[in-house]
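K.L.:
After the structure tokens below, expect a handful of questions from me.
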Ligand SMILES: [Fe+2]
Ligand SMILES: [Fe+2]
């Protein structure tokens, strides 16, 4: 997979990441020089397209130009939202303009907030990941929705694609950096520094992290596809799990305030 870094023109190409015949995963993200560059992924399953975290409105045209290289826009039937942040989700307004029948997949918490992007009265089809935690696609491929509360949003949900052993992790394993490579190579230590910038301030605590990690006791992950930063494969998947296990972040840096200190209340 590393050859992908030199094989494509990232300024315009849709990038084929995984090819399992009727079930393919593409990167159709953005190459803006903003530090919060969005990775947008497209699952093409038979004749159905599912967008994972559709990205910003400002980059909508760039995204559709990439998707058109893979499938007609009318084949896009579903859009998944890990959480409601504008870099993850705002362009769904534009997608619903093109096709009001697109189904929006999200947790109930995220769905409540997404509605604030819509002009008054706009309704859309909603798929609730809490009441329907697995989705079977046309080819038989299964997507499992794995809640990752407080990483960073309360209603955040990751996707585990069972047949390809791929984890779409949203902001988990995100980086803040102007440097960027789609597939991480042998530079995990440097990458860790970029992940620290994000995780220490956005991810709520190591307790939240471990409650997420426990979901992978019996699920093998071969590819991590985050919403910012690099796709991780092979040894770097192991490094990434190890990184999170020991991560100190968010509330872990807060000091304890005793009852005595608060005796004015
Ligand atoms: Fe976010
Ligand atoms: Fe994000």
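The values are calculated or read from the model by the stated rules, or taken from the named source; none is laboratory data. None of the values given here were measured: they were computed from a predicted structure. Cβ: placed from backbone, ideal geometry, glycine included. Neighbour counts: every protein chain shown.
K.L.:
Residue 49: in contact with a helix residue (DSSP H, G or I) (Cβ under 9 Å, 6 or more places away or on another chain), free of Cβ contacts under 8 Å to residues at least 40 places away in the same chain and not in a strand (DSSP E or B), yes or no?
P.N.:
Values: in contact with a helix residue (DSSP H, G or I) (Cβ under 9 Å, 6 or more places away or on another chain): yes; free of Cβ contacts under 8 Å to residues at least 40 places away in the same chain: yes; not in a strand (DSSP E or B): no.
Considered against the rule, which asks whether it is in contact with a helix residue (DSSP H, G or I) (Cβ under 9 Å, 6 or more places away or on another chain), free of Cβ contacts under 8 Å to residues at least 40 places away in the same chain and not in a strand (DSSP E or B), residue 49 comes out as no.
K.L.:
Right, another one. Within the bounds of the stretch 103-110, is there any residue that is within 14 Å of ligand 2 (Cβ to nearest atom) and either part of a loop (DSSP other than H, G, I, E, B) or crowded, with 16+ Cβ neighbours inside 10 Å (or both)?
P.N.:
First pass over the stretch 103-110, keeping only residues within 14 Å of ligand 2 (Cβ to nearest atom): 110.
Still in the running and either part of a loop (DSSP other than H, G, I, E, B) or crowded, with 16+ Cβ neighbours inside 10 Å (or both): 110.
Yes: one or more hits.
K.L.:
Across the stretch 147-171, which residue is farthest from ligand 1 (Cβ to nearest atom) among those that are more than 11 Å from the chain's Cα centre (by Cα), buried (at least 24 other Cβ atoms within 10 Å of the Cβ) and over 16 Å from residue 26 (Cα atoms)?
P.N.:
If we take residues in the stretch 147-171 being more than 11 Å from the chain's Cα centre (by Cα), buried (at least 24 other Cβ atoms within 10 Å of the Cβ) and over 16 Å from residue 26 (Cα atoms), then 148 is farthest from ligand 1 (Cβ to nearest atom).
K.L.:
Given the conditions (1) in contact with a strand residue (DSSP E or B) (Cβ under 8 Å, 6 or more places away or on another chain); (2) under 20 Å from residue 232 (Cβ atoms), and given that residue 3 satisfies all but one, which numbered condition is not satisfied?
P.N.:
Going through (1) in contact with a strand residue (DSSP E or B) (Cβ under 8 Å, 6 or more places away or on another chain); (2) under 20 Å from residue 232 (Cβ atoms) one by one, residue 3 breaks only (1).
K.L.:
Just to be sure, is residue 221 closer than 20 Å to residue 143 by Cβ, touching a helix residue (DSSP H, G or I) at 6+ places or on another chain (Cβ under 7 Å) and in contact (Cβ under 8 Å) with a residue 40 or more places away in the chain?
P.N.:
It is true that residue 221 is closer than 20 Å to residue 143 by Cβ, touching a helix residue (DSSP H, G or I) at 6+ places or on another chain (Cβ under 7 Å) and in contact (Cβ under 8 Å) with a residue 40 or more places away in the chain.
Listed here are the residues, each with its yes/no results for (1) within 19 Å of the chain's Cα centre (by Cα); (2) farther than 29 Å from residue 163 by Cα; (3) within 16 Å of ligand 1 (Cβ to nearest atom); (4) modelled with pLDDT of 95 or more.
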| site | (1), (2), (3), (4) |
| --- | --- |
| 186 | no, no, no, no |
| 195 | yes, no, yes, yes |
| 211 | yes, no, no, yes |
| 222 | yes, no, no, yes |
| 237 | yes, no, no, yes |
| 253 | no, yes, no, yes |
| 256 | no, yes, no, yes |
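K.L.:
Just give me the residues in the stretch 125-165 being within 16 Å of ligand 2 (Cβ to nearest atom) and part of a strand (DSSP E or B), in sequence order.
P.N.:
157, 158, 159, listed by residue number.
K.L.:
Now for a separate question. Based on this model, can you work out whether residue 120 counts as modelled with pLDDT under 95 and not in a strand (DSSP E or B)?
P.N.:
On the way: modelled with pLDDT under 95: yes; not in a strand (DSSP E or B): yes.
So residue 120 fits the description; yes.
K.L.:
When the residues of the stretch 79-94 are narrowed to those that are surrounded by fewer than 24 Cβ atoms within 10 Å (Cβ to Cβ) and part of a helix (DSSP H, G or I), which ends up nearest to ligand 1 (Cβ to nearest atom)?
P.N.:
Only one residue tops the list, namely 87.
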